[in-house]
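Notes for the one structure printed next.
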Amino acid sequence: MRARAQILLGACKVFAIKGYGDASIRDIANEADVIFGSVIYHFGSKEKLFIEAVRRYFLGAPPLVNCYNPVLELGGAPSPQEVADAIHETVRQLIAAIHAPQSPEFLNGLILRVLADGHKGAQTLILEHFAPYQYRVMNVLARVCPNRIERDLHAWFDLFWAQFFYPITTRSLRLLDHGRERYSEEWLRYVSHRIAWYLCMPLGLPEPTGRVDRPVRDSIKARAAARALGDDYGPGAGAPFAR
């Protein structure tokens with residue numbers, strides 16, 4: 001089955017760069033270093049290959065399968081701080097699964113293509129995969145945050161996914177701004193805490209423990225702000241990029 005795995009890996013790389021519409025089976029065969037017929041033999045069509053790539057490398061990643069456990073395992077009557085910290089750990093695991101140094105480099109691009117290309121089969125697969133976990137988490141939150149009605153929790157999950165997809169959809173822009181090839185581990189710790197904190201606020205929960213200060217780095221935005229604002233730019237001057 002080595003050829004199948006080789007094709008699947010090559011397909012992920014091609015889909016991440018070209019998207020579903022522009023990728024061809026020949027592109028994938030070339031990337032995987034196999035003959036054209038081997039791709040057809042193992043997967044049948046480009047569509048089946050795309051869906052299997054999403055299933056294997058996005059939905060099948062162990063951190064994504066287990067990421068909700070910190071919330072789902074809250075038992076008894078946890079304190080607000082314990083709930084906040086469980087949300088933080090869930091977010092940290094989700095962010096790390098996509099962006100940590102050990103994660104495949106193509107994973108961010110593959111997820112972005114699923115969102116942007118609008119492939120209904122892959123999108124349906126994602127919706128169906130996460131739905132049971134989402135409703136189990138909602139049941140836990142309804143128990144530990146009893147003042148939140150059902151529609152509030154549905155809205156909370158909309159916020160949850162918007163925050164989760166933020167580092168995915170803005171990745172190239174943020175990396176360009178800071179002159180990096182990948183997100184640093186320091187920034188991932190910072191953004192995981194901030195996202196979790198934003199998610200705790202609507203639930204009336206405290207700030208999660210483990211705050212990380214925003215990594216200070218030279219950036220395109222900081223230099224542009226300094227040029228535009230002159231003496232008004234800098235610590236204490238109220239400039240947004242100085243903080």
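The values are calculated or read from the model by the stated rules, or taken from the named source; none is laboratory data. The model shown is predicted, which means the values in this text are computed figures rather than measured ones. As a convention, Cβ positions derive from the backbone with ideal geometry for all residues, glycine included, and neighbour counts pool all protein chains shown.
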Against the definition (within 25 Å of S172 (Cβ to Cβ), modelled with pLDDT of 95 or more and among the acidic types (D, E)), how does D27 come out, yes or no? yes
Lone qualifier among V91, V83 - being touching a Ser or Thr at 6+ places or on another chain (Cβ under 6 Å) and closer than 21 Å to Y135 by Cβ: V91
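Please work out if F43 is closer than 21 Å to A116 by Cα, of a type in the set (F, W, Y) and either surrounded by 14 or more Cβ atoms within 10 Å (Cβ to Cβ) or in contact with an Asp or Glu (Cβ under 7 Å, 6 or more places away or on another chain) (or both).
Details: closer than 21 Å to A116 by Cα: no; of a type in the set (F, W, Y): yes; either surrounded by 14 or more Cβ atoms within 10 Å (Cβ to Cβ) or in contact with an Asp or Glu (Cβ under 7 Å, 6 or more places away or on another chain) (or both): yes.
Here the answer is no, as F43 does not meet what is asked.
Going through A29, A11 one at a time, which residue ends up being under 15 Å from R113 (Cα atoms), buried (at least 18 other Cβ atoms within 10 Å of the Cβ) and not hydroxyl-bearing (S, T, Y)? Walk me through it before giving the result.
On the way: A29 fails: under 15 Å from R113 (Cα atoms).
Just one listed residue meets the conditions, A11.
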Which count do you get for residues in region 153-188 that are out of contact with any helix residue (DSSP H, G or I) (no Cβ under 8 Å at 6 or more places or on another chain), free of Cβ contacts under 8 Å to residues at least 12 places away in the same chain, assigned to a helix (DSSP H, G or I) and not small (G, A, S)? 4
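How about region 90-143: which of its residues are acidic (D, E) and either part of a helix (DSSP H, G or I) or in contact with a strand residue (DSSP E or B) (Cβ under 9 Å, 6 or more places away or on another chain) (or both)?
Within region 90-143, the first condition is being acidic (D, E), and the residues that meet it are 105, 117, 128.
Of everything in region 90-143, those that are acidic (D, E) and either part of a helix (DSSP H, G or I) or in contact with a strand residue (DSSP E or B) (Cβ under 9 Å, 6 or more places away or on another chain) (or both) turn out to be D117, E128.
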Going through (1) among the polar types (S, T, N, Q); (2) over 16 Å from C12 (Cα atoms); (3) modelled with pLDDT of 90 or more one by one, N147 fails only at (3)
Exactly one condition in (1) modelled with pLDDT of 90 or more; (2) out of contact with any Asp or Glu (no Cβ under 7 Å at 6 or more places or on another chain); (3) surrounded by fewer than 21 Cβ atoms within 10 Å (Cβ to Cβ); (4) among the small types (G, A, S) is false for G60; which is it? (1)
Determine, yes or no, whether G109 is surrounded by 14 or more Cβ atoms within 10 Å (Cβ to Cβ) and either more than 26 Å from P206 (Cβ to Cβ) or out of contact with any Leu (no Cβ under 7 Å at 6 or more places or on another chain) (or both). yes
Among the residues of region 63-80, count how many are under 22 Å from C12 (Cα atoms) and in contact (Cβ under 8 Å) with a residue 24 or more places away in the chain. 2
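Is there a residue in region 141-163 that is hydrophobic (A, V, I, L, M, F, W, C) and under 12 Å from H99 (Cα atoms)?
First, the residues of region 141-163 that are hydrophobic (A, V, I, L, M, F, W, C): 141-142, 144-145, 149, 153, 155-157, 159-162.
Checking which are under 12 Å from H99 (Cα atoms) leaves us with none.
No, that holds for no residue.
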Please determine whether any residue of region 80-91 is out of contact with any Cys (no Cβ under 7 Å at 6 or more places or on another chain), at positive phi and of a type in the set (D, E). no
Contact list, first residue from region 198-225 and under 15 Å from V144 (Cα atoms), second anywhere and surrounded by fewer than 14 Cβ atoms within 10 Å (Cβ to Cβ), beta-carbon distance below 8 Å, six or more apart or interchain, is P202/A155; G204/N147
